[in-house]
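The values are calculated or read from the model by the stated rules, or taken from the named source; none is laboratory data. Please read these numbers as outputs of a predicted model, since none were measured by experiment. Cβ: placed from backbone, ideal geometry, glycine included. Neighbour counts: every protein chain shown. Surface areas here come from the heavy atoms of the whole protein model, side chains and all, with no ligands, DNA or RNA. Shrake-Rupley method; radii C 1.70, N 1.55, O 1.52, S 1.80 Å.
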Amino acid sequence: MEFCQSVINETLRFGNIIPVLWRKTLSDVYFKGYTIPQGTAIMTHIAAMHLDPSAFENPNNFYPWRWLAMGKSNNWMPFGGGVRHCCGSEIARMEIAVFLRYLVLNYDWELVEHDHPVALQ
Ligand code: HEM
């Protein structure tokens, strides 16, 4: 079950179903020497976080085992965060787990190209 959760984490990191989130500043914000005026649209690029090599080693490789070693990561937020955090995240995780179990138990799997690891590109 722990590995199944790692596969789900990695799928959500790699798949980036929702790549960006939008917010609007409600007041002037001072950040790293910049002033962001009230009313500015802010795009949070979750996909860029998920594929950032400083946060995830070899980010373009689908590697569920990273989660066994890493546990959690503050750079992983496929369900958003804060007050607007996805309220369906747990049921979504459960649905994915049921779907994965069905796929694994009911089908035989083989790599199409044996020497070709799964990677983006
Ligand atoms: C893998 C599947 C899913 C992903 C990746 C996902 C992702 C997200 C993200 C990123 C947000 C935050 C949007 C924002 O901050 O602007 C969100 C919000 C939300 N999600 Fe999901 N979601 C998933 C499945 C579900 C499911 C299954 C449900 C309902 C059963 C659901 C219901 C909602 C609702 C109602 C919100 C709005 C929460 C609010 O604004 O207070 N989501 N989701």
Taking placed amide H atoms and a strict 5 Å upper bound, the residues 5 or more places from VAL29 or on another chain that come that close are ILE36, GLN38
Using the heavy atoms of the protein chains alone and a 1.4 angstrom probe, what is the accessible area of region 1-75 per residue in square angstrom? 68
From the helices alone, meaning DSSP H stretches of at least four residues, give me the mean residue ellipticity at 222 nm for the chain, per-run term -39500 (n - 2.57), in deg cm²/dmol to the nearest 500. -10500 deg cm²/dmol
Hz values of 3J(HN,Hα) by residue in region 9-26 - Karplus curve (6.51, -1.76, 1.60), Gly and Pro given as x: 4, 5, 5, 5, 5, 7, x, 6, 4, 10, x, 9, 10, 10, 9, 10, 5, 8
I want to verify the translational diffusion coefficient of the chain in µm²/s; compute it with Stokes-Einstein, Rh as the Kirkwood radius over Cα pairs, at 10 °C and 1.306 mPa s. 95
If exposed means no more than 14 neighbouring beta carbons inside 10 Å and the site is in a DSSP loop, what's the longest run of the chain without any exposed GluC sites (Glu not before Pro)? 1-56
Please give the helix 89-106 orientation as an angle from the longest Cα principal axis of the chain, in degrees from 0 to 90, rounded to the nearest 10. 20
Over the chain, what percent of the accessible surface lies on carbon and sulfur atoms, probe 1.4 Å? 60
Suppose R0 equals 41 Å; then what is the FRET efficiency for TRP109 and MET43 from their Cβ-Cβ distance, rounded to the nearest 0.05? 0.65
Explain nothing, just the number: relative contact order of the chain, from Cα pairs under 8 Å at least 6 residues apart, as a whole percent. 28
Neighbour net charge for ILE36 - beta-carbon separation under 15 angstrom, K R +1, D E -1: +2
How about region 62-121: which trypsin sites (Lys or Arg not before Pro) there are in a DSSP loop, with at most 12 other Cβ atoms within 10 Å of their Cβ? LYS72
